[in-house]
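Every number here is computed from the coordinates shown, using simple stated rules; none is lab data. Given the structure is predicted, the values throughout are model-derived calculations rather than measurements. Here the Cβ positions follow ideal geometry from the backbone for every residue, glycine too, while neighbour counts run over all protein chains shown.
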Amino acid sequence: MVCPNCSSTDLRKVSLVHAAGIHESRGWFLGLLLGGADGALLGRYRGTSQSRLSRLLNPPRKLPYFGPIALWLFGFFILMSFDAQGKLSWPMAVLSAAYVLLLPAYLLGSVIYNLFFRPNKFKQWQEKFMCQRCGAIIEPDRYITPFVRKQGARASRFWISALTRPVLGPDRHSQPPNSIKC
């Protein structure tokens, strides 16, 4: 494949660039305190750091379930304290009914997204490339003709590599490397 912006062949998969930017560290330490209170320190540490580029190329995330439920319950108790004061006005009743229906609607939407839409987005993320020269993100299917797209994934990978492979003339490889042509 060749980058359409700078014509470089130095491309890397986005998933590999993302994985290369995550660093895990762990170890242990030992120390000695001298002074008013003598003692020894012993401990372990574990940490993860991520580069900015890796953070920018994160895969699509799943929508959360627990956090919105906890926030909804917190807001529900606050809403019920206003509703329990006696008179329930018409706007407060509409707000209460909408709030009660908000959680099931969110949960249904997040389940549908996590089961049906996110796997496709994740697959598209795994197929993207990043140019190491100019930083462009390249989607392979974007540069394929509709005829090749109908042939399937195996055929499209073949055509991508065949169409974007640099063409070298037969005389480039036939000459010995030390000879100079005038």
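What distance in nm separates the simple spin-label points at residue 112 and residue 53, each placed 7 Å from Cα in the Cβ direction?
Computed distance between label sites residue 112 and residue 53 equals 3.9 nm.
Okay, which of the stretch 2-29 sit inside 15 Å, backbone N to the point 7 Å along the Cα-Cβ direction of residue 136?
2-12
Which ³J(HN,Hα) values in Hz, rounded to whole numbers, follow from the phi angles of the stretch 93-102 under the Karplus curve 6.51 cos²θ - 1.76 cosθ + 1.60, where θ = phi - 60° and Gly and Pro get x?
Values, residue by residue: 5, 5, 4, 5, 5, 5, 5, 5, 7, 5 Hz.
Which ³J(HN,Hα) values in Hz, rounded to whole numbers, follow from the phi angles of the stretch 115-122 under the Karplus curve 6.51 cos²θ - 1.76 cosθ + 1.60, where θ = phi - 60° and Gly and Pro get x?
Ordered by residue, 3J(HN,Hα) equals 8, 10, 8, 5, x, 5, 5, 5 Hz.
Taking 0.36 nm per residue of sequence separation and subtracting the Cα-Cα distance, how much length would be gained by fully extending the chain between residue 8 and residue 121, in nm to one decimal?
38.1 nm
For residue 76, project a label point 7 Å along Cα to C-beta. Then give me every residue of the stretch 88-102 with its amide nitrogen under 18 Å of that point.
The answer is 93-102.
Taking the Cα centre of the stretch 72-141 as origin, work out the dipole magnitude from +1 charges on Lys and Arg Cβ and -1 charges on Asp and Glu Cβ, in debye rounded to 20.
It works out to roughly 120 debye.
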